[in-house]
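Accompanying notes for the structure given below.
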Amino acid sequence: MFTGLVEAVGELVERKPTSGGFRLRIASSLAREVVQGDSLAVNGVCLTVILAENTEIHADVGPETIRATTLGMLSRGCLVNLERPLRADGRVGGHFVQGHVDAIGLVEDMRAESEFHWLTVSFPPQLAPYIVHKGSIAIDGISLTVAGLGSDRVDVQIVPYTIQHTNLSRAQVRDRVNLECDMVGKYVVRAAELAGLNLASTRPGEVTH
């Protein structure tokens, strides 16, 4: 379990093919804080640390993770958001994030407003029932608040600190990002489905504030 508060930004040093997947080698100061077998969120994806030595972390990515996330698309030199799991006695400063990506989103716009930035990300229509205005969403593992919502896209405002301390400092239009909806919403939608309610019918629309 994670909180969506990024602890460090790492740099992908190598993406080495393995049987059916990849092994990622990531340079990060967190390498001294993790050991083999630990969980680590990489751009919002929960991975297992295979090796941690000096300033590098190694983690394997399997076929399903390649299919469902952006990790298989990363190239050498990419920046990745890193977070260790929440301690049982820790504070939840963001929201509960499982590290289980629901879908891949697409950056549609990144625009400045004074020292802040607005980020617009489109999402597949099947995610619409799980995202609510003023609710939480994890984008590449970053806990963010939904400030604007359409049936196929979401607007979030990024504060300067987040720009400076996450990989959003390099975000560009058409970038693909990992999306994870608030787990509370998933349980609500599932309960509604079991009660016979259909929440999946949506029509594309503009983001509204």
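The values are calculated or read from the model by the stated rules, or taken from the named source; none is laboratory data. Bear in mind the structure is a predicted one, so any value in this text is a computation, not a measurement. FYI the Cβ positions are ideal-geometry reconstructions off the backbone, even for glycines, and counts take in every protein chain you see.
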Residue, nearest to GLU64 (Cα to Cα), within the stretch 111-134, restricted to residues that are buried (at least 17 other Cβ atoms within 10 Å of the Cβ) and in contact with a helix residue (DSSP H, G or I) (Cβ under 8 Å, 6 or more places away or on another chain): TYR130
Of residues in the stretch 154-194 being among the acidic types (Asp, Glu) and not in a helix (DSSP H, G or I), the one farthest from the chain's Cα centre (by Cα): ASP155
Condition check for ALA112: more than 18 Å from VAL42 (Cβ to Cβ), without any contact (Cβ under 8 Å) to a residue 24 or more places away in the chain, assigned by TED's automatic domain parsing to the domain that holds SER151 and of a type outside the set (Val, Ile, Thr): yes
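Can GLU108 be described as surrounded by fewer than 19 Cβ atoms within 10 Å (Cβ to Cβ) and not aromatic (Phe, Trp, Tyr)?
Details: surrounded by fewer than 19 Cβ atoms within 10 Å (Cβ to Cβ): yes; not aromatic (Phe, Trp, Tyr): yes.
Judged against the criteria, GLU108 is a match.
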Candidate set from the stretch 126-153 (those that are under 17 Å from the mean Cα position of the chain (by Cα) and free of Cβ contacts under 8 Å to residues at least 24 places away in the same chain); member that is nearest to VAL6 (Cα to Cα): THR145
Of residues in the stretch 57-70 being surrounded by fewer than 19 Cβ atoms within 10 Å (Cβ to Cβ) and either hydrophobic (A, V, I, L, M, F, W, C) or in contact with a Lys or Arg (Cβ under 6 Å, 6 or more places away or on another chain) (or both), the one nearest to VAL177 (Cα to Cα): ALA68
Selection count, the stretch 80-90, where residues are touching a helix residue (DSSP H, G or I) at 6+ places or on another chain (Cβ under 8 Å) and buried (at least 19 other Cβ atoms within 10 Å of the Cβ): 3
Some residue of the stretch 42-53 being surrounded by fewer than 17 Cβ atoms within 10 Å (Cβ to Cβ) and modelled with pLDDT under 95: yes
Criterion (exposed (fewer than 15 other Cβ atoms within 10 Å of the Cβ), of a type outside the set (Val, Ile, Thr), in a loop (DSSP other than H, G, I, E, B) and within 17 Å of the chain's Cα centre (by Cα)) met by exactly one of GLY77, GLY93, GLY37: GLY93
Selection count where residues are exposed (fewer than 15 other Cβ atoms within 10 Å of the Cβ) and at pLDDT below 95, scope the stretch 1-15: 0
Selection count where residues are assigned to a strand (DSSP E or B) and more than 22 Å from LEU82 (Cα to Cα), scope the stretch 121-153: 4
